[in-house]
Amino acid sequence: MNQKKSSTNDVALRVASAMQQMGIDGLPRNYELVYEAYAGANPELVRDFIALGKFKTQGALDELGRKYLPHHHEEAVLQRSAGAVRDEMTNFMALLQEEQTSLSDYGRLIGEASQAIFSTDQGTAQALGSSIERLRQATERQFTRNAAMEARVANQSENMEAIQHDLAAFEATKFTDAATGLGNRRAFNKSVARVYANAEMPLSCALAVVEIDVGKRFSPVQVEALNDYLVRHYGSLIKRTTPSTDVVCRFDGFRFGFLFFTSDETEVGRLMALLRTAFATATLKHPETMRSLGSLTFSAGVCMAGAAGNAFDFVNLAEKSLQQALAAGGNRIVLHRDNESGGEGKDWMLYKAG
């Protein structure tokens, strides 16, 4: 896969062309799978996709989808989990029935022993001793059954917890970027949508789309060789640098989205400056030779929530600001701002980082 381009439009065109050339049906789940493969966000997916060969069957694509994009196969996962739960409940009901039978037998023996012990007809010592012995043996058997019952219930409890854990893990894959552990584009879109839940009064926040300037430091061949390392390195760096109260997600390639819950432009500038400083001080080292590779810069487009009327415009204006920064040579932060005159035209403020 060619990962030297990060433009969403470029990837989308390549995906449409590739699907047509490989005879892949235009199903939504197929499109997202091919898009993720060509965007290069998940190197393992890229390798497995290539391994399928030039012509890929729907069955092979679905098998890959179940591994990397399980949200498109949610029904099968839920059916499998529901079946496992039904099996566990059936086993538990059988266990309760077995215990009920055991307790009934034990109760009957207690009754028989009580009659022999408290009977006015004293009978023989041998008969009384026999009743007591049967009661003792039944008590021991019941004790053993209770211990076995406890162990089986504990085992079933563990099985149910495992099913619950699997479902929680499955749910998390819908909104997690596998390479960095950050949220993915889907998670970011959900967060942005909440900003405009009340369209008349959006939340006070700022959105930044950041792209690492890898092309300013490395050749396309070097980027491809270092891709996994760079993504993990900067994903971890960004996660550590961003306040936990804010949202940061990885879109694709070397592009990340930030949602800062502040409407103060000065504060947004401070947060971006902190990130810039972290980039400058986090020296890269070649993952194999440990040779110093220097440091990278980033470009960013920023938009304040008040400058957009809806979630789509909010993201789109930040994306356009990023394109302005890249067109100016990178290592820039572009802030989208409405014209003070209130007209429809837009004014772009350009800042050079560093």
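Tally time: how many residues in the stretch 250-278 are among the basic types (Lys, Arg) and outside any helix (DSSP H, G or I)?
Residues that pass the stated criteria total 2.
Only one of Leu182, Leu230, Leu207, Leu203 is modelled with pLDDT of 90 or more and surrounded by fewer than 19 Cβ atoms within 10 Å (Cβ to Cβ). Can you tell me which? Steps first, answer last, please.
Values: Leu182 fails: surrounded by fewer than 19 Cβ atoms within 10 Å (Cβ to Cβ); Leu230 fails: surrounded by fewer than 19 Cβ atoms within 10 Å (Cβ to Cβ); Leu207 fails: surrounded by fewer than 19 Cβ atoms within 10 Å (Cβ to Cβ).
That would be Leu203, the only listed residue that is modelled with pLDDT of 90 or more and surrounded by fewer than 19 Cβ atoms within 10 Å (Cβ to Cβ).
Out of the residues in the stretch 29-67 that are of a type in the set (Ser, Thr, Tyr) and over 19 Å from the mean Cα position of the chain (by Cα), which is surrounded by the fewest Cβ atoms within 10 Å (Cβ to Cβ)? Step through it out loud before you land on a result.
Step one: of the stretch 29-67, the residues of a type in the set (Ser, Thr, Tyr) are 31, 35, 38, 57.
Narrowing the set further to residues that are over 19 Å from the mean Cα position of the chain (by Cα) leaves 31, 38, 57.
Numbers: Tyr31: 16, Tyr38: 24, Thr57: 12.
Checking each candidate, the answer is Thr57.
With the condition kept exactly as written, say whether any residue in the stretch 197-208 is among the small types (Gly, Ala, Ser) and assigned to a helix (DSSP H, G or I).
Going through the stretch 197-208, the residues among the small types (Gly, Ala, Ser) turn out to be 197, 199, 204, 206, 208.
Retained after the next criterion (residues that are assigned to a helix (DSSP H, G or I)): none.
Within the stretch 197-208, none of the residues are among the small types (Gly, Ala, Ser) and assigned to a helix (DSSP H, G or I).
Any idea how many residues of the stretch 249-268 are of a type outside the set (A, V, I, L, M, F, W, C) and in contact with a Phe, Trp or Tyr (Cβ under 8 Å, 6 or more places away or on another chain)?
Of the residues in that region, 3 qualify.
Residues of the stretch 279-326 being over 27 Å from the mean Cα position of the chain (by Cα), in a helix (DSSP H, G or I) and more than 17 Å from Val214 (Cβ to Cβ), which ones?
Once the filter is applied, which keeps residues that are over 27 Å from the mean Cα position of the chain (by Cα), in a helix (DSSP H, G or I) and more than 17 Å from Val214 (Cβ to Cβ), the stretch 279-326 yields Thr281, Gly306, Ala307, Lys320, Ser321, Gln324.
Quick check: is even one residue across the stretch 260-279 out of contact with any His (no Cβ under 7 Å at 6 or more places or on another chain) and either assigned by TED's automatic domain parsing to the domain that holds Glu32 or within 20 Å of Phe175 (Cβ to Cβ) (or both)? Before you say what the answer is, go through the steps one by one.
Going residue by residue through the stretch 260-279, those that are out of contact with any His (no Cβ under 7 Å at 6 or more places or on another chain) are 260-279.
Now narrow it down to the ones that are either assigned by TED's automatic domain parsing to the domain that holds Glu32 or within 20 Å of Phe175 (Cβ to Cβ) (or both): 260-261.
Within the stretch 260-279 (the criterion being out of contact with any His (no Cβ under 7 Å at 6 or more places or on another chain) and either assigned by TED's automatic domain parsing to the domain that holds Glu32 or within 20 Å of Phe175 (Cβ to Cβ) (or both)), the answer is yes, since at least one residue qualifies.
Can you report the number of residues in the stretch 198-255 which are acidic (Asp, Glu) and either under 19 Å from Arg47 (Cβ atoms) or not assigned by TED's automatic domain parsing to the domain that holds Arg276 (or both)?
3
Going through the stretch 60-74 one residue at a time, which ones are at pLDDT below 85 and part of a helix (DSSP H, G or I)?
Asp62, Glu63, Leu64, Gly65, Arg66, Lys67, Tyr68, Pro70, His71, His72, His73, Glu74, listed by residue number.
Considering only residues that are in contact with a strand residue (DSSP E or B) (Cβ under 8 Å, 6 or more places away or on another chain) and either surrounded by 21 or more Cβ atoms within 10 Å (Cβ to Cβ) or more than 23 Å from Thr242 (Cα to Cα) (or both), which ones fall in the stretch 280-295?
Matches in the stretch 280-295: His286, Arg291, Ser292, Leu293.
Scan (1) modelled with pLDDT under 95; (2) touching a Gly at 6+ places or on another chain (Cβ under 8 Å) for the single condition Val248 breaks and write down its number.
So Val248 meets the others, but not (1).
How many residues does the stretch 185-200 contain that are crowded, with 16+ Cβ neighbours inside 10 Å and not polar (S, T, N, Q)? Before the answer, list the steps.
Narrowing the stretch 185-200 to residues crowded, with 16+ Cβ neighbours inside 10 Å: 185, 187-189, 191-192, 195-196.
When the remaining residues are screened for being not polar (S, T, N, Q), the result is 185, 187-188, 192, 195-196.
Of the residues in that region, 6 qualify.
The values are calculated or read from the model by the stated rules, or taken from the named source; none is laboratory data. Just so it is clear, the model here is predicted, and its values are computed rather than measured. Note that each Cβ is placed from the backbone with ideal geometry, even for glycine, and that neighbours are counted across all protein chains shown.
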